[in-house]
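Accompanying notes for the structure given below.
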Amino acid sequence: MKTLNIFSILLLCCILSAAAFAQKTKTETFQVSGNCGMCEAKIEKAAKAAGASFADWNVDTKIITVKYNSKSTSLAKIQQSIAESGYDNAGAKAGDEVYNKLHGCCQYKRSDANDSEASDCCKNGKCAKEGHDGKDCCKDGKCTREGHNGKDCCKKS
């Protein structure tokens, strides 16, 4: 009986110490632009190079699922690594130079949050649209002035 108690206590200590030293594994999903299987290989390789233990990018949904140890890397580092390989994503944008070096089939259509359409309307938080007299009417790219009903005044229809 005494042996059983000692064995139980040792087993309990082992379980508690394993739980205490367990790695903080996180699973995240986010959008990554790309087109094909070649993109998939590069995106997943970049995520793993930044410390992801698992990376799976879906070419149809453009969503990547990554698993990583939060003690050794971060989501921001993974996103930056993917951007440095040429792929815009939810957390970082690829530089033009690296994007232009992608294979022709991998050059996806880019969207730019700071494109000329947006800058025509919202400049420094003020609406540049005719009739708004530069008053503050834009918040999160949406017009807050009467008559626009919160519709996006910064994008052309």
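The values are calculated or read from the model by the stated rules, or taken from the named source; none is laboratory data. Fair warning: this is a prediction, and the values are worked out from it, not measured in the lab. We place every Cβ from the backbone using ideal geometry, glycine too, and count neighbours over all the protein chains shown.
I'd like to know if region 43-56 contains one or more residues that are surrounded by fewer than 12 Cβ atoms within 10 Å (Cβ to Cβ) and out of contact with any strand residue (DSSP E or B) (no Cβ under 7 Å at 6 or more places or on another chain). The answer is no, given that none of the residues of region 43-56 is surrounded by fewer than 12 Cβ atoms within 10 Å (Cβ to Cβ) and out of contact with any strand residue (DSSP E or B) (no Cβ under 7 Å at 6 or more places or on another chain).
So that you can scan it fast, the table gives a plain yes or no per residue for (1) modelled with pLDDT of 55 or more; (2) over 30 Å from Cys36 (Cβ atoms); (3) not in a loop (DSSP other than H, G, I, E, B):
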| position | (1), (2), (3) |
| --- | --- |
| Asp60 | yes, no, no |
| Val66 | yes, no, yes |
| Ile82 | yes, no, yes |
| Leu102 | yes, no, no |
| Arg110 | yes, no, no |
| His132 | no, yes, no |
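Any chance region 87-98 includes a residue that's among the β-branched types (Val, Ile, Thr), in contact (Cβ under 8 Å) with a residue 24 or more places away in the chain, on the phi < 0 side of the Ramachandran plot and assigned by TED's automatic domain parsing to the domain that holds Lys26? Checked region 87-98: no residue is among the β-branched types (Val, Ile, Thr), in contact (Cβ under 8 Å) with a residue 24 or more places away in the chain, on the phi < 0 side of the Ramachandran plot and assigned by TED's automatic domain parsing to the domain that holds Lys26. Between Ala94, Ala46, the distinction of being assigned to a loop (DSSP other than H, G, I, E, B) and either modelled with pLDDT of 95 or more or of a type in the set (S, T, N, Q) (or both) belongs to Ala94 only. The set of residues in region 43-83 being without any contact (Cβ under 8 Å) to a residue 40 or more places away in the chain and of a type in the set (S, T, N, Q) consists of Ser53, Asn58, Thr61, Thr65, Ser72, Thr73, Ser74, Gln80, Ser81.
Residues in region 25-48 that are of a type in the set (A, V, I, L, M) and under 14 Å from Thr65 (Cα atoms): Val32, Ala41, Ile43, Ala46, Ala47.
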